[in-house]
Every structure is written in structure tokens, then in C-alpha cells.
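> Mind having a look at this structure? Questions to follow.
The values are calculated or read from the model by the stated rules, or taken from the named source; none is laboratory data. In this text, all values refer to a predicted model and were calculated from it rather than measured experimentally. Note that each Cβ is placed from the backbone with ideal geometry, even for glycine, and that neighbours are counted across all protein chains shown. Just so you know, the surface numbers come from the protein's heavy atoms only, side chains and all, with ligands and any DNA or RNA stripped out. Shrake-Rupley method; radii C 1.70, N 1.55, O 1.52, S 1.80 Å.
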Amino acid sequence: MTAVRLREARIGYGDVAVVEGVDLTVADGEAVAVLGSNGSGKTTLARGLLGLATVLGGEVEVLGAPVGRLRRPPPAQRGRIGYVPQRHTVSGAVPATVREVVGVGRLARLGPFGRLRPADRSAVQDAVAAVGLADRLGDPVASLSGGQQRRVLVARALAAEPELLVMDEPTAGVDAASQDALAAVLADVSATGTTLLVVTHETAALAGVLTRAVVVDHGRIAYDGPLAGAGSTDDGHHHPEGTGLPPARGYRQDQPRVTTDGGR
Amino acid sequence: MEVLEYGFMQRALLASLMVGLVAPAVGVFLVQRRLSLLGDGLGHVALTGVAIGVLTSTAPVGTALMAAVLGAVLIELVRARGRTSGDVALAVLFYGGIAGGVVLLSLAPRGQATNLEAYLFGAITTTTTADVAVFGAITVVVLGVVGLLGSRLYAVSDDEEYARAVGLPVLALNVVLAALVAATVVLSMRVVGLLLISALMIVPSAVAQQLARSFRQTVYLACAIGLVTSVAGTTASYYAGTPSGGTIVLLAIALFLLATTAVAVREATARRRHRRRAEVHAAHPHEHGAGCGHPAVLHGDHVDYDHDGHLHAPHRTGAGVHYDEHGEHAPPAGTGGRA
């Protein structure tokens, strides 16, 4: 089965396409890095899979079910997708414990009125332990450091035991030790057969886990192949044309910029 | 007690008990979603419903409930379609609601329209037995729905985008929450009045969130605070001859100020203690590290150093090494109280 299949996909916000003419197939269990500079459309591409950006044209299928214009995943996908957003400002308005935040990750797996069962609670505990916060389970999230709060969000996605895990910039602003810890967690998750789709600027920290790279540039796929082939330079921009590999279908150097997405 | 001898006060206290319990149970989700003023807006919309009820000689509670629920659903649909125009659309709906209510009430036959103030600021002693029955039904339904869907309402209020991404029915849950708010508005109408409803939903939650550690604790604590202030305020208003709504809200705000001050004082004390210890340690002959002579204590994700009976957590700053105090932690057994 294929985890993700896009055909001539146009994805954007409102009526404005940010990503256009994208063909992409990700098989079950693959570990894919979605690379690209700021405004390239890589985040929009990922958000289109999650129903957070609008599919304006073409076909987008996730876990075998189409993502429509309704921006809402069909029932078949519920509870099978894990998502780690780029940043999470803990609202701070109403306190919540680590257990409560991570518990949300299990909710989508239950029916509309289902309650967390002992099996769900132990999945929450396992997920929190996997990110190294087992001793903070009952603490308010607001009392954790920024890096620890990010780990809570990883745990929330892991608690769902997802078939597809989408992460947006999980290593941005995270220190080296935490990046290594994250890589170890992702390696474990990947080993269980979960498909990984990681939107990122830089792949150094996760190079051992991610095997395939999809480079998005100006709203189109500029490179699709082994991660090792997607060159990255110090300016954080990817230069697939400099890798000696042929550009993927649909990419033209003279293609006018579709739009910038301002980091969305 | 004298206050309990009158039938109207029994009904008033019963109504205030239900309002005090229900309003914060719904309000916590509004605070979490940063939509604190939704209750206020729906109170405005409910006034049009009240006016329609008065004009058509039907029970205003029923028509107010219908107007508020319709307004709530409309608001959620507007919000779901896009945010930029949503703000203005809400303002139009809210002020249209209060303006429509005032104009329609003025058309009512003389004698009935004078009730306007009672709806705006509450007239708890006018609560009828039929009202109490309706309020009881609303209370059971609202608390039942919160009990059943609370964790999902929390999920959507906390991180709507995540909830959408993993496939929770976000729009449906938002509509449910808005309908709960509408029902609460109507329930609170007699007790605190349409203009003060929001306060009873928001202020107890604002107190509770400063003291609680978890969301669940916040909900329970907010309900307890709401219950106590509502019943105490109603009783006080009977003896002082003041309007119940204003009395209840002032009481809740007094509690809020008290809690805010207490938390601020506690934090200032902790900061001062930290600074004083930092001064002591500024004269430190060494930086803590391996082999500095102070026992190292593994603490979660970092190493602390047992020093003069308390723990130091060193971390580098621009100006050198800074030590956080872990004062509440007892020194590990066998090493305590080193000089």
C-alpha cells in the first residue's frame, strides 16, 4: 500500500496555490525528508496531506483515502496520522499536565464518545517515556523548558501509534543532544513500520533515519531521490541542480514563482 | 435561616446554585480557546430572543435559548469559513442582537417593556417555578455533555490545528461548545443578567487557572469557585438589598484579585530568595563540575550539585555560570546538611 500519493496536486490557501503540479508517491514504511528553503512550499505540501491546507486540484491520497476540498480527513484516516506542528506556544491560559496533552493523541483513535481505556493510558505513558519525560507525566506543561515542551508534542503524536507520522521542523531550535535523542526515537518508530515524513531545513541530525529526500523549490518538486544526493549548503538552501542528478519531473528552472507562503 | 423562608429566595438560591456550577464548566473551554467574550456576545443575541418572547407572549426563556443557539451556530460557521471577515461579522451579529432586542421590546405593550433592565442585569427574585424546571434541565444537559465530550472539547480548544490534522470532528465540536455557551447564557439570564453573564463564565476560571496544575483540576476548581460566589453573592444581595448579578460578579472579581496578588507575592518571594542565594554564591571559589568536591546528583535531564544543604543546577549564561536553586528538593540521603 502507499502511504501518500499525489498526482498533479495543487495545494494552497484560499484560492492561491502555493504548491503546483506535484507528483509524489511514498510507500508504506518509507522515511522521507521534505526539504526546501523558507517559502519553498514544503510546509504547505505537508499541510495539504493533513487537511490543513486546501487541495485546489489534482489528486491527494493519504493512507488510501482521498483528501478533498473539505479540508477534513475522511473517517478512514482518523487516528492513523500523527502530526508534530512546527511550534507550539503552550497557551498558558489554562494549565494542563503532560499526561493530559499527550492523551489528546489517543482521542482520534476512539469513537466520537469513547473514553481512554487502560491500554490508552499505558500508550500515553510509553510515548512520554520514549521522549525521556517519564518523571514529568503529572507536571504542568508550562513548567517544562521549551525543548521539553517540543518533546511533549512528539509524544502526543507517538501516543497515537500512527501509520503516518508528519513532523514540521522537529529539529529547529533544538540543541544537539535533543536532536540525537529525537533521531533515536524516530529510528525506533520507523522500525515498527511507521511512514515518516519530516519537513526540515537541514538533515544532518536525522540523516541516519531518513533515507529519501524530496526537495521542494518554488512550489514544485526539484529533486526526489536518496537523501545523500540532496546537497545542502551552509546558506540553508538546497541546490539539487548541483548534485549531478536529473531534476524530477515537473521542475523547470525558469518556472515563475507561484507564491511565497511566508513560512506556512 | 430567614433567607430560606421565602419561596422566591428558595428559587433564587436554587437558580444561582445551578448557574454557579454550569457557567465555569463551559467558561474554562472559552478561556482555553481565547474566546472569552463569546458568552458576552451571545448574551447580546439572546436579548432579541427575549424580546420576541415578550412580543409573542411566549416564555422568554425558550425564545432566548433559540436565539442564542442559532447565533452560536452562525458564529461557528462564520469562524470556520475564514478569520478575517469573521471578526466584523461577529460584531455585527452581537450588536445587531442587542439593538434588535431593545427596539423590539419598545414595541411591546406598556408595562411589559419595563422588564429590559431585569434581563440586562438580572432579576433573580423573579425566577418562577417553571424557570427553575427549565434551568434544571439545562444544567443536566450541559454538565452531561461536558462530562461526555470534555476531553475532546479540551483537545479542540487547546490545539485546533492538531485536532483537525488527526481527524477529530473540529467543526462539530466547536458547534457543540457554542451551543453549550448559548444554553449557559440563557440559564444565567435571570441570575446575573445578559450583560454580566460572561463574567460568571470567565472569572472563576481565571482564578482557578492560577492555582491548579492540570486542566481537570482547573475545571473542578472553577466550578467550586463559581458555586460558592454565586450562592454567597445571592445571599449577600438579599441582606444588602443590592442586585444579585452585580454582587456575584464583584465577589468573583475580588477573589480573582486576591488570587492574582497571592501568586504575585509568592513568585516575588521565590525570586528574592533566588537572588539572595545567587549573591552568596557570586563569591564562589569554583564552578561546579566533575571533581569539584560537591556530590553530583543526577536530576532528570541535568546534573545538580549538593551544596550547603540544597541543590545547585549550573547552566552557562553570557556572563558565566549561573546556578538555579532547587530549594524544594531535599538533599539526597547521606549527604544532607554539608557545610
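> Using a 1.4 angstrom probe on the protein heavy atoms only, line up B:TYR220, B:TYR239 by accessible area, largest first. Could the numbers behind the result be given before it?
Details: B:TYR220 150, B:TYR239 125 Å².
Accessible-area ranking of B:TYR220, B:TYR239, largest first: B:TYR220, B:TYR239.
> Can you run phi through the Karplus equation (6.51, -1.76, 1.60; θ = phi - 60°) for segment B:51-66 and list ³J(HN,Hα) in whole Hz, with x for Gly and Pro?
4, 4, x, 5, 5, 8, 6, 9, 5, x, 4, x, 5, 5, 4, 5
> So which trypsin sites (Lys or Arg not before Pro) in segment B:175-266 are both in a DSSP loop and have at most 16 other Cβ atoms within 10 Å of their Cβ? Let's see the in-between values first.
Details: sites: B:ARG190, B:ARG213, B:ARG216, B:ARG266; in loops: B:ARG213.
Qualifying residues, ordered by number: B:ARG213.
> Amide H neighbours of A:THR25 under 5 Å, counting only residues 5+ apart in sequence or on other chains, H built in-plane at 1.01 Å?
A:LEU6
> What is the distance in Å between the Cα centroid of segment B:110-169 and that of segment A:182-207?
45 Å
> Now, a different point. Residue by residue through A:110-122, how many Cβ atoms from other chains fall within 10 Å of the Cβ on average? Could the numbers behind the result be given before it?
Numbers: counts 2, 0, 7, 3, 2, 2, 1, 0, 0, 0, 0, 0, 0.
If you average over the peptide's residues, the count of other-chain Cβ atoms is 1.
> Calculate, in nm to one decimal, what B:ALA91 and B:ALA278 gain on full extension: separation in residues at 0.36 nm each, minus their alpha carbon distance.
Numbers: separation 187, 0.36 × 187 = 67.32 nm, distance 5.15 nm.
Stretched out fully, the B:ALA91 to B:ALA278 stretch lengthens by 62.2 nm.
> Considering only protein heavy atoms, what per residue accessible area in square angstrom results for segment A:138-197 with a 1.4 angstrom probe? Before the final figure, lay out the partial values.
Working: 2030 Å² over 60 residues.
On a per-residue basis, 34 Å².
> Summarise the partner chain shielding of A:153-165 as one whole number: the mean count of Cβ atoms from other chains within 10 Å of each residue's Cβ. Spell out each step's value before the answer.
Details: counts 2, 0, 0, 4, 3, 0, 0, 2, 0, 1, 0, 0, 0.
Shielding by partners across A:153-165 averages 1.
> Another one. What percentage of the solvent-accessible surface of segment A:84-161, computed with a 1.4 Å probe over protein heavy atoms, is contributed by carbon and sulfur atoms?
Numbers: 1680 of 3280 Å².
C and S fraction of accessible area: 51 percent.
> Let me ask something additional. Just to be sure I understand: if you take the accessible area of chain B alone plus chain A alone and subtract the pair, with a 1.4 Å probe, what total do you get in Å², rounded to 100? Working shown, then result.
Details: alone 17130 and 12300 Å², together 26550 Å².
Summing both sides, the interface buries roughly 2900 Å².
> Still on this model: How many nm separate the modelled label positions at A:THR25 and B:GLU5, each set 7 Å beyond the Cα in the direction of the Cβ?
Using points 7 Å along Cα→Cβ, the separation is 8.7 nm.
> Here is a follow-up. So for segment A:175-231, what are the equivalent ellipsoid semi-axes in whole Å, largest first, each being the square root of 5 times an eigenvalue of the Cα gyration tensor?
Values: eigenvalues 91, 37, 18 Å².
They are 21, 14, 10 Å, listed from largest to smallest.
> Tell me, what HN-Hα J-couplings in whole Hz come from the Karplus equation 6.51 cos²θ - 1.76 cosθ + 1.60 at θ = phi - 60° for each residue of segment A:195-209, using x for Gly and Pro?
With the stated coefficients, segment A:195-209 comes to 7, 10, 10, 10, 7, 7, 7, 9, 10, 3, 5, 10, 4, x, 9 Hz.
> With the other protein chains left in place, how much accessible area per residue, in square angstrom, belongs to segment B:2-202 at a 1.4 angstrom probe? Intermediate values should be presented prior to the final figure.
On the way: 7720 Å² over 201 residues.
Per residue, segment B:2-202 has 38 Å² of solvent-accessible surface.
> Using each residue's phi in segment B:183-195, evaluate 6.51 cos²θ - 1.76 cosθ + 1.60 at θ = phi - 60° and report the 3J(HN,Hα) Karplus result to the nearest Hz, with x for Gly and Pro.
Couplings: 5, 5, 4, 5, 4, 7, 3, 5, 7, 10, x, 5, 7 Hz.
> Give the carbon-plus-sulfur fraction of the accessible surface of segment B:2-202 in %, rounded to a whole number; probe 1.4 Å, heavy atoms of protein chains only.
Within segment B:2-202, the accessible surface is 70 percent carbon and sulfur.
> Suppose we compare each residue of segment B:141-164 in its chain alone and in the full protein complex with a 1.4 Å probe; which ones drop by at least 10 Å² of accessible area?
For segment B:141-164, once contacts with the other chains are taken into account, B:GLY147, B:LEU148, B:LEU149, B:SER151, B:ARG152, B:TYR154, B:ALA155, B:ASP158, B:ASP159, B:GLU161, B:TYR162, B:ARG164 lose 10 Å² or more.
> Dividing the convex hull volume of the Cα atoms of segment B:1-148 by its residue count, what figure in Å³ per residue is obtained? Please report the intermediate quantities before stating the final value.
On the way: hull volume 18.3 nm³, N = 148.
Convex hull of Cα atoms, per residue: 124 Å³.
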